[in-house]
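Presented below is the structure to which this report refers.
Rule-based calculations on the coordinates, nothing more; no lab input. No experiment lies behind these values; they were computed from the predicted model shown. We place every Cβ from the backbone using ideal geometry, glycine too, and count neighbours over all the protein chains shown.
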Amino acid sequence: MTQQLTLALSKGRIFEETLPLLKAAGITVSEDPESSRKLILPTNDPDVRVIIVRASDVPTYVQYGAADFGVAGKDVLLEHGGEGLYQPIDLNIAKCRLSVAVQEGFDYANAVRQGARLRVVTKYVNTAREHFAAKGVHVDLIKLYGSMELGPLVGLSDAIVDLVSTGGTLRANKLVEVEHIIDISSRLVVNQAALKLKRERLQPILDAFEKASKAK
Ligand code: ATP
Ligand code: MG
C-alpha cells in the first residue's frame, strides 16, 4: 500500500524557501500558490500533495494530522507550544529575529529601571509575556494581527514585539530595536503518529531536507 503524504506550507517566503529543499527530495510542486487559487497543490509525486495555509495555522494542521508534516517559523512554534509535534530539523530558512522596539527618543532602559508599566503590542503574546516576566519588566500586552509598528506611532503602546530582519520597516517608522528576544528560523514539524505509521515514506524526505538545509 502506498502512503499518501500531505505537506503544510504557507504562501510567500516559506513556500519559496522550501521549494529547493523539496527539489533535493525529488519533489516539485506543480502549481504556484501566488497565481493559483487552489489550496491543495499536486506535486510530481502522485503520493505527495501540498496544502497552503496561514503561517500560524501550520502547527495546528500538523498537530491534528490533517497534514503529515509542515514548515513553520520558530516564532509560530513558540506561540503555539509545539504540542503533538515532532520537530526534527532546523531548516535554516526564513531567518530573522524577534525583538522589542520603541519609538526613537523613548528611553526604554530608563522606563524599565523605574519599574514603569509598559504597554506592548504584539502578535506573540505568549512569547512576549514570558520574555518580560523573565526580565521582571511590567507589561500590559495588547494583541494585534499585523502592522505592529503603528502601535507606538498612534499612542496605542510604548513598545512592540515583532520580527525584524533588515530593520528597514522599523527605520521607515522611526522605531529602534532595544532588545533581541530570540533568533528565528523555520523548522520542519512532523505529526507524531505519521512519523511512526508513514516512516518508510517520510524518512527519505526528512533526510534530504536535513542534508539540503545543512548545505545552506
Ligand atoms: P499571515 O500573513 O498569515 O498573518 P505572516 O505575515 O506571519 O502570516 P509571513 O510574513 O509569510 O507570514 O511569515 C511567515 C514566517 O516567516 C514567520 O512566521 C517567520 O518565521 C518568518 N518571517 C517573517 N518575517 C520575516 C522576515 N522579515 N525575514 C525572514 N523571515 C521572516
Ligand atoms: Mg506577513
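Treat every Asp and Glu Cβ in region 62-107 as -1 and every Lys and Arg Cβ as +1, leave all other atoms uncharged, and give the resulting dipole magnitude about the Cα centre to the nearest 20 debye.
Computed charge dipole of region 62-107: roughly 160 debye.
Looking at region 47-108, which chymotrypsin sites (Phe, Trp or Tyr not before Pro) are in a loop (DSSP not H, G, I, E or B) and have at most 15 other Cβ atoms within 10 Å?
Hits after loop and neighbour filter: Tyr64.
Can you work out the base-10 log of I(q)/I(0) for region 96-183 at q = 0.23 1/Å, using the Debye formula on its C-alpha atoms alone?
Evaluating at q = 0.23 Å⁻¹ gives log10 I(q)/I(0) of -1.19.
What length, rounded to one decimal in nm, is gained on full extension from Gln87 through to Val178, with 0.36 nm per residue of separation minus their alpha-carbon distance?
29.7 nm
What is region 145-216's relative contact order, in percent, from Cα pairs under 8 angstrom and six or more apart in sequence?
Relative contact order for region 145-216 comes out at 17 percent.
Determine ³J(HN,Hα), in whole Hz, for all residues of region 197-213 in sequence, where each value follows from phi through the Karplus function 6.51 cos²θ - 1.76 cosθ + 1.60 and θ = phi - 60°; x replaces Gly and Pro.
Using θ = phi - 60°, the values come out as 6, 10, 3, 4, 7, 6, 4, x, 5, 4, 4, 5, 4, 4, 4, 5, 7 Hz.
Would you mind getting me the FRET efficiency between Thr28 and Leu144? Use the beta-carbon distance for r and R0 = 41 Å, nearest 0.05.
0.65
I need the phi-derived Karplus couplings for region 46-51: 6.51 cos²θ - 1.76 cosθ + 1.60, θ = phi - 60°, integer Hz, Gly and Pro marked x.
Per residue, the Karplus-derived 3J(HN,Hα) values read x, 8, 10, 10, 10, 10 Hz.
Is the chain best put as rounded, prolate or oblate by its Cα gyration tensor, with a ≥ b ≥ c the root eigenvalues, rounded for a/c under 1.5, and otherwise prolate when a/b is larger than b/c, oblate when not?
It is prolate, given that a/c is not under 1.5 and a/b is the larger ratio.
Note the angle between two axes, namely the Cα long axis of helix 125-135 and the longest principal axis of the Cα atoms of the chain, as a number of degrees from 0 to 90, rounded to the nearest 10.
For helix 125-135, the angle is close to 50 degrees.
So who's got an amide H within less than 5 Å of the one on Leu5, skipping anything under 5 residues away but keeping other chains? H placed 1.01 Å off N, in plane.
Under 5 Å from the amide H of Leu5: Val48, Arg49.
Taking 8 Å as the Cα distance limit and 6 or more residues as the minimum spacing, I'd like the relative contact order of region 38-153 as a percentage.
17
Measure up Lys23/Lys95; Lys74/Lys143; Lys135/Lys214; Lys135/Lys174; Lys123/Lys174 against 30 Å on the Cα-Cα distance and list the ones that go over.
From the list (Lys23/Lys95; Lys74/Lys143; Lys135/Lys214; Lys135/Lys174; Lys123/Lys174), the Cα-Cα distance tops 30 Å for Lys135/Lys214.
Distance from a point 7 Å along Cα→Cβ of Arg199 to each backbone N in region 45-63: keep the residues under 19 Å and list them by number.
Residues passing the 19 Å test: none.
Note down the magnitude of the dipole of the chain about its Cα centre, charges +1 on Lys and Arg C-beta and -1 on Asp and Glu C-beta and zero elsewhere, to the nearest 20 debye.
I would put it at about 120 debye.
For region 96-183, what relative contact order do you get, as a whole percent, if you take Cα pairs closer than 8 Å and at least 6 residues apart?
It comes to 49 percent, rounded to a whole number.
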